[in-house]
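Below: one structure in structure tokens.
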Amino acid sequence: MANTTPKTESKTITKEELKEQFIDVLHNDFQTTPDEASDQQVYEALTKIVVGILKAKRRKFTVKNRSEGKKKVYYLSMEFLMGRSLKTSIYNLEMVDETVGMLKDLGISINSIYEMEPDAGLGNGGLGRLAACYLDALAADGYHATGYSILYEYGIFKQKLEDGWQTELPDNWLPGGSALLVACPTQAVEVRFDGELVESWDNGFHSVELKDYTSVMAIPYDMFVSGYGSEAVSKLRLWKADVASFGMDDFIKGNYVKALGRNIMSQAITKVLYPNDNHAEGKSLRLRQQYFMSAASVADIVNTHLNVYGTLDNLADKVAIHINDTHPTLAIPELMRIMLDECGYDWDSAWDIVTRTFAYTNHTVMPEALEKWECNLLKSVVPRIYSIIVEINERYCRKLWDMYHDEAKVTHMSIIEKNMVKMATLCVHASHHVNGVAKIHSEIIKRETFKDEYAYTPEKFTNVTNGIAYRRWLYQSNEGLTKLLKDSIGDGFLRDASELEKFRAFADDKAVLEQLTAIKKQNKERFAKYVKNRYGVVLNTESIFDCQVKRLHEYKRQQLNALNIIAEYNYLRSNPDAPFVPKTYIFAAKAAPGYYMAKQIIKLIWNISQELKKDKRLNEKLNVIFMEDYCVSLSEILMPAADISEQISLAGTEASGTGNMKLMINGAITLGTLDGANVEIFEQVGADNILLFGMNVDEVERAKPGYRPIDIYNNNGVLKGAVDMLTSGGLNGEYFGEIANSLKSTDTYMAFADFDSYRDAQRRASESYTDAEKWSRMSLMNISGAGIFSADRAVDEYARYIWQLTK
Ligand code: 26Q
């Protein structure tokens, strides 16, 4: 996609203006001067100035869009994993030179200032980071976009390892993070929970009223995201729960204990992010969070729309609402509720508008991640919403019956089944478009997850392959590579990622290939320095940096990686003098706090790293490091230093993956299965520039029935040798019987079946790496093929084919 938005003509701010404002803010807010100010104060002052610029720019952009009657998109997501913002804003506003220069004049180094900002960790992993990338891209592409989520007081927990066991610490990010937020208390809205539905018939008109409800106020706090080289600024509106000062009927009636109990419950709503990734736990507090976010956002959308147009009749023409996975599903019945109960629409008119407004992205095919909520819970927490869902379902089932006359089929396709509401089914039914996040994933949801729905409404289903805000991991994080690219292909790639293809012309240019090798080495050294400072561990930067960095989940198969390392260890102990290409395996992963097996696997990896330390000579060839507390900021130092990108999920389990894209654009070679977006990476680079292994989706399907991992174990000496180490105490004295038993008896994600093939891919990696020129060429082919994984491209597809936006 060619990015056609015109480049910003005027400078955002001059160095002198910036200096003047900076001195003023330090003086007024902190009664200090540049000489005396702490890094924290400098960070806060600079952030305040940048937020002011963004806010004004957004206002201007909104006014312009309104006057033109442009359609807007609202992106609803329970997660936005923003990471740090100050550096991104300064880069996107193209005021790097002014800021660096201004601070330098005052004797301040900007890098230590960036470090003061905490990560906004309002997400778990892929889904949340994707939402953050899309706000950046929407602005870069010039679209009018608002994201909605929750202002979690505590983001994703901080991970610490104690003797290799994960422990969780609260992430109290707001003291430092609030500098980025603009509170808008005048736009607060009320959200109602609990209570009793009272129906009445008045002159033949049916009306419903909720009595004795709990009122919670939703207060908006805004964050702004600038687009690179564009007039647009995205807004992220985060809702904080506050107890209503009015509506405390119980308190007034003297029901003191009940009132205070509800007060506590209300304040809990925005306390903490649920740390589960790809696992839907049906907890009542989580349901409250989801409804709170959905209802507050829909109220805000409706208020804004009514302010401009005075009617909801044209809502679907002017507004697209996107649902990031099923977590904000309740926005659908909530909009129905407002139209029916508050705006006087009849059912059919309301449903017509609603179904032309919503679109939904599915991010997973894992059954345990598909949300189902108990009817009784919904009925008690959101009674009116539940009654609307029942009505939606009854009408849907009637249509299905007319179409199929097949009771079993209707039951199966029904939104409510076995006293559970199937959120994905509701989303598909109420959305005009449903998309998967990589080609293969979109095929799987049509073939399996939503097989019946696809047969019923095939026109709804489409694919939008994920993309990343690539400037964050390239321009902002890999200075060396950015310079090489600018020198060889110009700077057009910064605005239009498809221009990276031009780099392919240098695939046989020895000087460029050597520079690429040198840049990777520098980035590895920078990373090694970071590791030395943090852990006191020295990494061999001549070794291959082989990275598996992502959430810990059995389907992602960190255990397969671990088993191979143990096999290598066994080999080196028996063959200490055999030639061996040195490798450093770098892991980083958080486990959901309640996910026992995932925590065992972290401990296993840590124990392997400790065991390897015992033999110094061996350790120089084979090293493992587990980086604690993987987060967006850590990924920014790590990606540029990676040689190998491990993307080894069982085919058919990883919807897309996005870390694979960040590593690719930094020149890492994917060692992976044909799963998720790896398939498209393969299409981009060809068989010579990717290390594929393992079963494909069809082979997995064929191998699953009657899969007996124990037979593989019994017939494969190397595998047996590795697995037996888990129970021999040979890994720094610890026993991993549960991992061993689970693999030998079930091996749900078929690590044993892919073990030999994985080892072969690792062998090919080592072999290729010894030919530095060949490796560098592979790396170049990956960088030059990474352009399609730009979020700018992805968002443009959503805008054109799903949301029908114009620029
Ligand atoms: C649901 C209900 C209750 C509690 C938690 C949840 C919950 C929370 C987070 C369920 C799932 C998630 C996260 C899912 C996720 O991150 N999926 C990833 O999305 C990426 C972006 O599309 C893909 O690249 C990954 O393949 C996919 O795993």
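The values are calculated or read from the model by the stated rules, or taken from the named source; none is laboratory data. Everything quoted here is computed from the prediction, not taken from an experiment. Quick reminder, even Gly has a Cβ in these numbers, built from the backbone with ideal geometry, and neighbours come from all protein chains shown. Side chains are part of the model used for accessible areas, which takes the heavy atoms of the whole protein and leaves out ligands, DNA and RNA. Shrake-Rupley method; radii C 1.70, N 1.55, O 1.52, S 1.80 Å.
May I ask you to give the percent of accessible area on the stretch 708-749 that is carbon plus sulfur, with a probe radius of 1.4 Å?
After summing per-atom areas, the C and S share lands at 47 percent.
Report the net charge of residues surrounding Glu368, where surrounding means a beta-carbon distance below 13 angstrom and charges are Lys +1, Arg +1, Asp -1, Glu -1.
Within the 13 Å Cβ shell, the charges total -3.
May I pose another question? Taking Cα atoms, how many degrees apart are the long axis of helix 596-612 and the longest axis of the chain, rounded to 10 and kept between 0 and 90?
Around 20 degrees separate the two axes.
How large is the direction-averaged shadow of the alpha-carbon convex hull of the stretch 691-736, in nm²?
4.8
Still on this model: Cα convex hull of the stretch 467-557: mean projected area in nm², to one decimal?
8.0
What is the percent carbon and sulfur in the accessible area of the stretch 236-354, measuring with a 1.4 Å probe over the protein chains and ignoring ligands?
The nonpolar share, carbon plus sulfur, comes to 52 percent.
Then there is this: Tell me the angle of helix 96-105 to the major Cα principal axis of the chain, expressed in degrees between 0 and 90 and rounded to the nearest ten.
Compared with the principal axis, the helix lies near 70 degrees.
For the chain, what is the largest minus smallest coordinate of the Cα atoms on each principal axis, given in angstrom and ordered from greatest to least?
93, 71, 53
Angle, helix 751-769 long axis vs. longest principal axis of the chain, Cα atoms, 0 to 90°, nearest 10?
Relative to the chain, helix 751-769 is tipped by roughly 60 degrees.
Would you tally the net charge around Gly69, using a Cβ to Cβ cut-off of less than 13 Å, leaving Gly69 out, and scoring K and R as +1, D and E as -1?
So the environment of Gly69 carries a net charge of +4.
Using the Cβ atoms and a cut-off under 10 Å, what net charge is assigned to the surroundings of Ile445, where Lys and Arg are +1 and Asp and Glu are -1?
Local charge sum for Ile445: 0.
Let me ask you something else. Can you work out the accessible area per residue across the stretch 3-105, with the rest of the protein chains kept in place, probe 1.4 Å, in square angstrom?
Here the residues of the stretch 3-105 average 48 Å² of exposed surface.
I would also like to ask the following. In whole percent, and with a 1.4 Å probe on the protein chains, what portion of the accessible area of the stretch 432-532 is carbon and sulfur?
Within the stretch 432-532, the accessible surface is 49 percent carbon and sulfur.
I'd like the FRET efficiency for Lys704 and Ala455, computed as 1/(1 + (r/R0)^6) with the beta carbon distance as r and R0 of 25 Å, rounded to 0.05.
The value I calculate is 0.60.
When the expected Rg is taken as 2.2 N^0.38 Å, what fraction or multiple of it is the alpha-carbon Rg of the stretch 654-707?
The reported ratio for this selection is 1.23.
Turning to a different aspect of this structure: Could you state the accessible area per residue of the stretch 641-757 in Å², with a 1.4 Å probe and every protein chain left in place?
Value returned for the stretch 641-757: 33 Å² of accessible area per residue.
Projected onto the charge dipole of the stretch 1-151 (+1 at Lys/Arg Cβ, -1 at Asp/Glu Cβ, origin at the Cα centre), which of Thr47, Met116, Tyr143 gives the Cα projection farthest towards the positive end?
Of the listed residues, the answer is Tyr143.
Between Tyr256, Cys343, Val382, whose Cα lies farthest towards the positive end of the dipole of the stretch 245-385 when Lys and Arg beta carbons carry +1 and Asp and Glu beta carbons carry -1, centred on the Cα centre?
Among Tyr256, Cys343, Val382, the one farthest towards the positive end of the dipole of the stretch 245-385 is Tyr256.
With the alpha-carbon atoms as the only input, what is the per residue convex hull volume for the stretch 263-311 in Å³?
So the per-residue Cα hull volume is 113 Å³.
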